[in-house]
Amino acid sequence: MRQAAASGEAEAEALQRLEDRLQAAEALRQVHRLAARTQLNLPPYDELIDH
């Protein structure tokens, strides 16, 4: 997507939405990592998002 935006094939808005979603996903992973340290039986992050 980044390459498509750089070559002018994708709209800047679409690229920004993608970047926003990637940042949100990383934020969720970080929160999960922190919660996993303090809570018992918390399933792995990948299991949570696969269902």
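The values are calculated or read from the model by the stated rules, or taken from the named source; none is laboratory data. Everything numeric in this text was worked out from a predicted model, so none of it was measured. Here the Cβ is made from the backbone with ideal geometry for all residues, glycine too, and neighbour counts use every protein chain on show.
Among (1) part of a helix (DSSP H, G or I); (2) at pLDDT below 75, where does Arg37 come up short?
Only one criterion is unmet by Arg37, namely (2).
Please name all residue pairs, on different chains or six or more residues apart, with Cβ atoms under 6 Å, provided the first residue is in the range 11-32 and is more than 17 Å from Leu48 (Cα to Cα) and the second residue is of a type in the set (D, E, K, R) and not in a helix (DSSP H, G or I).
Hits for this filter: zero, empty list.
Conditions (1) outside any loop (DSSP other than H, G, I, E, B); (2) within 15 Å of the chain's Cα centre (by Cα); (3) at pLDDT below 80; (4) not acidic (Asp, Glu), marked per residue:
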site	(1), (2), (3), (4)
Gln3	yes, no, yes, yes
Leu22	yes, yes, no, yes
His32	yes, yes, no, yes
Asp46	yes, yes, yes, no
